[in-house]
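Below is one structure, written out as structure tokens; the observations come after it.
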Ligand SMILES: [Zn+2]
């Protein structure tokens, strides 16, 4: 069983993948046995046309967005295998995003409450406020890392016709790619 070169991508037909009754029994990242099956949507990102400076008004912008939206293709993936390590990674990123999000909110509220209790603006109150805002800014990044598409290394081609697997483990790849 050969090791896939880092950065190697494999394209499989999106419709074929979505309709597949049976997915591999090993995860795409580590090639370890699946402990959980997940379903998720892969959304294609059609290229956006450059807005021309002459022709920019609300109506054409709206029309362009609507056109872009109509070209987005969703591939519904089912029964995708996750190993124990994948499940743990996903759980950790989710937990971190929650800690950052609620922690940030808590610090901001704390700063506001302290300001009210003290009845005057104290420079030190800027610390929980700034840290709180920074945590709030960081939270969505952690949340994005918990996303399944990112976790398993799958995305669709720009037109949505293909699902592209990045660095799939041979144990996973060899079932789908021939
Ligand atoms: Zn895994």
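Throughout, read-outs are computed from the coordinates displayed, never taken from laboratory work. Every value quoted in this text rests on a predicted model; they were computed, and no experiment measured them. Cβ: placed from backbone, ideal geometry, glycine included. Neighbour counts: every protein chain shown.
Can you give the convex hull volume of the alpha carbon atoms of the stretch 123-178 per residue, in Å³?
On the way: hull volume 5.9 nm³, N = 56.
Cα-based convex hull of the stretch 123-178, divided per residue, equals 105 Å³.
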Exercise for the section: Return a whole-number percent for the relative contact order of the chain, with Cα pairs under 8 Å and 6 or more residues apart as the contact set. Expected result: 41 percent
Exercise for the section: Mind sorting 141, 40 by how few other Cβ atoms lie within 10 Å of their own Cβ, fewest first? Expected result: 141, 40
Completion exercise
One finds, for residue 30 and residue 72 with R0 = 25 angstrom and r their Cβ-Cβ distance, a FRET efficiency to the nearest 0.05 of 0.25
Exercise for the section: Please report 93, 68, 16 as a ranked list, fewest other C-beta atoms within 10 angstrom at the top and most at the bottom. Expected result: 16, 68, 93
Exercise for the section: Let me know the Rg and Dmax you get for the chain when you use only its Cα atoms, in Å. Expected result: 22.2, 70
Fill in the blank from the handout: Out of 138, 161, 66, a Gaussian network model of the chain with alpha-carbon springs under 10 Å gives the largest mean-square fluctuation to 66
Practice task
Assign one of three labels to the stretch 28-118, namely rounded, prolate or oblate, based on the Cα gyration tensor with a ≥ b ≥ c the square roots of its eigenvalues; rounded applies when a/c is under 1.5, prolate when it is not and a/b is larger than b/c, and oblate otherwise.
Solution key: oblate
Problem - Cβ-Cβ FRET estimate between residue 141 and residue 114, R0 fixed at 35 Å, reported to 0.05 - result: 0.80
Problem - Fewest-first sequence of 82, 129 by Cβ atoms within 10 Å of each Cβ - result: 129, 82
